[in-house]
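Read through the structure below, which is laid out as structure tokens, and then see the notes.
The values are calculated or read from the model by the stated rules, or taken from the named source; none is laboratory data. Here the structure is a predicted model, which is why all the values come from computation and not from measurement. A quick note on method: Cβ atoms are made from the backbone with ideal geometry, for glycine too, and the neighbour counts reach across all protein chains shown. The accessibility values were calculated without ligands, DNA or RNA, using every heavy atom of the protein model including side chains. Shrake-Rupley method; radii C 1.70, N 1.55, O 1.52, S 1.80 Å.
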Amino acid sequence: MTGTDLGMPAFPPFPEAAREAVGNEVLRANLRHATHTIRDKRARAVAELDDWDRLRAAGKAVKDHTLRHLDRYLLELEAAVTAAGGTVHWAVDAEEANRIVTGLVLATGEREVVKVKSMATQEIGLNEALEAAGIAAYETDLAELIVQLGHDRPSHILVPAIHRNRGEIRDLFRTEMGRWGRPAPEDLGDDPRELAEAARLHLREKFLRARVGVSGANFMVAETGTMVVLESEGNGRMCLTLPETLISVVGIEKVVPTFRDLEIFLQTLPRSSTAERMNPYTTMWTGLGPSKGADGDGPTAFHLVLLDNGRTDTLADPTGRQALRCIRCSACLNVCPVYERAGGHAYGSVYPGPIGAVLSPQLRGTAAPIDATLPYASTLCGACYEVCPVAIDIPEILVHLRERVVQGGPVTREGVRVRIRPAHGHTAERAAMRAARLLLDRPGALRAGERLLSRARRLRPRRLPGPGRAWTDTRALPDVPAESFRDWWARERKSPQK
Amino acid sequence: MSSKDRILSRIRRAASGPDPEVPRDYLRVHGSRTPAERVDLLAAHLTEYRATVHRTDEDGLPMLLAWLLSRHESVLVPPGLPPYWLSAADPTRIHDRAASTPAGLDRVGGVITGCALAVAETGTIVLDGGPDQGRRRITLIPDHHVCVVRVPGQVVDSVPQALERLDPTRPLTWISGPSATSDIELDRVEGVHGPRVLDVVLLDAQ
Ligand code: SF4
């Protein structure tokens, strides 16, 4: 019983997808470069704020408090958006959200929309639904354009086309752009500047004629009805200001109580995400504005689609619900030794990396093989928890979900409390063993896992949660050594191993 | 049952457990600065984001703006821009009207605006659609944005101080450097969509 449709075709279990990915040298090199670059920069950006821990605790508390009273804050939000001239729609699942958006677009008489990158609309497969209704949806973020032209899927939250290098991008632009609109110049080279210029011209043509825009949002403020979108390129501003009709599809967990609460997330999100003090552009708008759009600043119609799609089920799980705090910064991807080698596609959902491993099986249930194996896509090294700006204990949820996969138990699906049966013993075991082999076969990955583990030693629990609990009831867990054997060996031998 | 009622009732059944107080012991400002130091920090951070920073006073402003805008034939001007700012500038002034189309605005090379405030710690300028800033679209479509910040009056230290002073019902645009992308092999490239050149003029109020 999977109920929740994440708009994705069937995917192979994580270990199989990952095995294929780790054999791809280009992918691994790109990923390594990306994750390490961002990781190092991020550490510097975070170190600049001496109150980082306090901001992190405050962000966690704001989100937990909001989730505790989510009904109240959503109603408050709805009232504020409506008062400011917007219209609020509620969508239980992907299908309903797609139906609402498709209907709204058709009602305008338009057959194309411009889109700013939105994980919620990817999650529900909106582009495919629009296409089925004869509406072309153009992704306007440069990376998303690359992904769309390549008939591909994003592989990273922040840099979705990180699996492509400049040569591939040039080839894609040359062959595909012409089919969608303004073609790329004949002699297009592979310099990032030239490529960006080609994208600018191609997309500008679309922005200037677009009459319907579709977006997500990073935050929604209950108190004022204000929507907040953070971005870098300006395509967000284009989609949010130029069209006559703006439709925003946003997960219900994105609401925060007050305008003031933004002071926390506007400090933690950019630093955790792109490692900048602030992202180049942030747009905030409240319905149609004080004059309700009469001064022509921005769209003259605004629709907000509030999306559940498995979120209330996730909320029903006291351990798993913390995943709803996620602000999609992608910091956990960049420190994950498994993600670094497997890449985003192996996770089989729009949410890759550690957050994907805990969010997707909760939104979709653990019935499909990919979802049953995702909780094993981790070394439990704890690095994701340490970087998370809202302190989501991803390892704790992973262990909790493993327990669910192996032992079954009560879960909430589509609002109904049910008891799921354990996955076939051998299925879970096989998944675990394959995931382990994936790492054991690759000394680099194992080494990274061990190092991080010894660094996170002080966070190590005394007792194992989940299936290991009975065992640790009577035994103390062995201490994690301060140094892994490999590191010790390397040091003793004075080899310059890195 | 409507979808709204269904979602709300699911939430009511699911939400349980502790309700944490939000600890507000994080800092309102990071470090202490004199007004002059605050302006210097803003300038340093803007420069790091590859905006070009200029400093002048009321007397020098018209000449500086004339020079910055001299490469354009026409320049977009919000309705409430102080007229003396452009008293030395040559380009044709284009006024943004509700009837002007995006395609029309695309033919203009530059735009000049004031701002609502600027944030030193992050190197950010914030526009709120005030009379000297105009509609959101005019600072988006032209390739060159010149923004005048009155210092030290319009400069705050931090994000929390900025939010305190802003009106959430106005359309707000926070700008930290020119439009940028790092989507191709993580090489930073200016542009793609918004203005590729951002000049910030720090105007001393003597
Ligand atoms: S789980 Fe935490 S670190 Fe990962 S994307 Fe979400 S907020 Fe960022």
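List, please: which pairs have Cβ atoms under 7 Å, are six or more places apart or on different chains, and start with a residue in the stretch A:391-402 that is charged (D, E, K, R) and end with one that is within 10 Å of the ligand (Cβ to nearest atom) and open to solvent by 20 Å² or more (accessible area, probe 1.4 Å)?
Close Cβ pairs satisfying both conditions: A:Asp393/A:Gln322; A:Asp393/A:Tyr385.
Kindly evaluate B:Glu48 against the criterion of being charged (D, E, K, R), out of contact with any Pro (no Cβ under 7 Å at 6 or more places or on another chain), farther than 30 Å from A:Thr66 by Cβ and without any contact (Cβ under 8 Å) to a residue 24 or more places away in the chain.
No, not satisfied.
Looking at the stretch A:126-144, is at least one residue under 20 Å from the mean Cα position of the chain (by Cα) and β-branched (Val, Ile, Thr)?
yes
Yes or no: A:Pro318 in contact (Cβ under 8 Å) with a residue 24 or more places away in the chain and either within 24 Å of A:Asn235 (Cα to Cα) or facing chain B (nearest Cβ under 9 Å) (or both)?
no
Just one of the numbered conditions (1) at pLDDT below 95; (2) farther than 17 Å from A:Ser118 by Cβ; (3) within 10 Å of the ligand (Cβ to nearest atom) is not true of A:Ala367; which one?
Every condition holds for A:Ala367 apart from (3).
Hand me the list of helices (runs of 4 or more DSSP H) wholly inside the stretch A:21-98 holding 2 or more residues that are of a type outside the set (A, V, I, L, M) and more than 10 Å from chain B (Cβ to nearest Cβ).
Those helices (runs of 4 or more DSSP H) span A:25-47, A:70-83.
For the condition charged (D, E, K, R) and more than 7 Å from chain A (Cβ to nearest Cβ), what is the one hit in B:Asp187, B:Asp204, B:Asp183?
From the options B:Asp187, B:Asp204, B:Asp183, the qualifying one is B:Asp204.
Tell me, please, whether a residue that is within 26 Å of A:Thr102 (Cβ to Cβ) and modelled with pLDDT of 90 or more can be found in the stretch A:153-176.
There is at least one residue in the stretch A:153-176 that is within 26 Å of A:Thr102 (Cβ to Cβ) and modelled with pLDDT of 90 or more.
Tell me, which helices (runs of 4 or more DSSP H) wholly within the stretch A:254-364 include 2 or more residues that are within 13 Å of the ligand (Cβ to nearest atom) and crowded, with 22+ Cβ neighbours inside 10 Å?
A:262-273, A:331-335, A:353-364
Do we have A:Thr140 as open to solvent by less than 40 Å² (accessible area, probe 1.4 Å) and either away from the ligand (no atom under 16 Å from the Cβ) or more than 14 Å from chain B (Cβ to nearest Cβ) (or both) here? Quick ask: steps written out before the conclusion?
Numbers: open to solvent by less than 40 Å² (accessible area, probe 1.4 Å): yes; either away from the ligand (no atom under 16 Å from the Cβ) or more than 14 Å from chain B (Cβ to nearest Cβ) (or both): yes.
Spelling it out, A:Thr140 is indeed open to solvent by less than 40 Å² (accessible area, probe 1.4 Å) and either away from the ligand (no atom under 16 Å from the Cβ) or more than 14 Å from chain B (Cβ to nearest Cβ) (or both).
Which condition number does B:Ile138 fail, the rest of (1) open to solvent by less than 10 Å² (accessible area, probe 1.4 Å); (2) facing another protein chain (nearest Cβ under 9 Å); (3) touching a residue at least 40 places away in the same chain (Cβ under 8 Å) being met?
Only one criterion in (1) open to solvent by less than 10 Å² (accessible area, probe 1.4 Å); (2) facing another protein chain (nearest Cβ under 9 Å); (3) touching a residue at least 40 places away in the same chain (Cβ under 8 Å) is unmet by B:Ile138, namely (2).
Which numbered condition trips up B:Thr52, out of (1) within 13 Å of chain A (Cβ to nearest Cβ); (2) modelled with pLDDT of 95 or more; (3) within 24 Å of the chain's Cα centre (by Cα)?
(1)
Condition first: free of Cβ contacts under 8 Å to residues at least 40 places away in the same chain, open to solvent by 70 Å² or more (accessible area, probe 1.4 Å) and outside any helix (DSSP H, G or I). Now tell me which residues in the stretch B:6-42 satisfy that.
Result: B:Pro18, B:Asp19, B:Glu21, B:Arg24, B:Asp25, B:Ser32.
Quick check on this structure: which one of B:Leu8, B:Leu46 is more than 9 Å from every other protein chain (Cβ to nearest Cβ) and modelled with pLDDT of 95 or more? Walk me through it before giving the result.
Working: B:Leu8 fails: more than 9 Å from every other protein chain (Cβ to nearest Cβ).
The unique qualifying residue is B:Leu46.
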